1. So who's got an amide H within less than 5 Å of the one on Leu79, skipping anything under 5 residues away but keeping other chains? H placed 1.01 Å off N, in plane.
2. What percentage of the solvent-accessible surface of segment 38-165, computed with a 1.4 Å probe over protein heavy atoms, is contributed by carbon and sulfur atoms?
3. Which of the lysines could be linked to Lys148 by a straight reach, that is with a Cα gap under 20 Å, when you skip same-chain ones fewer than 8 residues away?
4. Using +1 at the C-beta of Lys and Arg and -1 at the C-beta of Asp and Glu, which of Gly138, Asn125, Asn102 has the Cα lying farthest in the positive direction of the dipole of segment 80-163?
5. If packing is taken as the average number of other Cβ atoms within 10 Å across a peptide's residues, how do 117-129, 94-106, 59-71 rank, most packed first?
6. Whole number in Å², please: accessible area per residue of segment 54-107, 1.4 Å probe, ligands, DNA and RNA not counted.
7. Summing Lys, Arg as +1 and Asp, Glu as -1, what charge do residues with Cβ under 9 Å from the Cβ of Asp118 carry, Asp118 excluded?
Amino acid sequence: MRCCDGVVCWTRREVRNVIRSLLGLLAIATVSLSGIAAASAHPHVFVAARSELLYAPDGTITGVRHAWTFDDMFSTYALQGIPSKTPGTYTREELAPLAQTNVESLKEYAFFTFAKADGKKERFNDPIDYYLEKTDLGLTLHFTLPFKTPFKTKKLALEVFDPSFFIDFSLEKKDPIKLVGAPAACTMGIQRPSDGAAKAQTMNEDTFMNGENSNFGAMFANKVTVDCP
């Protein structure tokens, strides 16, 4: 069985993937899927990301603050069924339940954020200071990931990606990463991946479902390094 909008069809397997994987937007899973248009292969959702690395006055790294803007198609889909006093305009309060659903569900996917300090994996606490914002660019999820144990390190490595490549994360073109409160001697490097979408779209959906490419997205991770002598 396929669910079609007259242009592009989704298999029921793809529909289940949407419900399970679109950043935990389970609150809108009951919305009719007849209006969705999507590509026949990965990725299905595109996110433009900005991030800030947060430092305490003593040089300790305390967390990561994200702002993820979803593509127009997904933003439109996510907002279906969300009531607002002014049509087409949404306040933080109106989007608060959806924001909570997002951040609670992100934990299952390790927040798509992976950090290492001097080669040692660092883990995060649950997100704080989260909210959704609707602008002309789309729906943006803001949230902060505090590290379980703040730390000092000479070399920090941060990656943002979806291992399954269901979601394609790309860094904003201007000022995608900022160091907030970092020691003056710290330097930052950014590695933008090549476009993995073109390759992924040559692979059918079953290729991703059978597990052989469960970590395909790692090849196209956005990588940030910070060196503090």
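The values are calculated or read from the model by the stated rules, or taken from the named source; none is laboratory data. Small disclaimer: the values here were computed from a predicted structure and weren't measured. Note: ideal-geometry Cβ built from the backbone for every residue, glycine included; neighbour counts use all protein chains shown. SASA here: full protein model, heavy atoms, side chains in, ligands and nucleic acids out. Shrake-Rupley method; radii C 1.70, N 1.55, O 1.52, S 1.80 Å.
1. Sorted by chain and number, the residues that satisfy this come to none at all.
2. 53
3. Partners within reach: Lys107, Lys116, Lys120, Lys121.
4. Of Gly138, Asn125, Asn102, it is Asn125.
5. Working: 117-129: 13.9, 94-106: 18.2, 59-71: 20.2.
Listed from highest to lowest mean packing, they are 59-71, 94-106, 117-129.
6. Spelled out: the 1.4 Å probe surface of segment 54-107, per residue, equals 50 Å².
7. Details: positive: Lys116, Lys120, Lys154, Lys155; negative: none.
For residues surrounding Asp118, the net value is +4.
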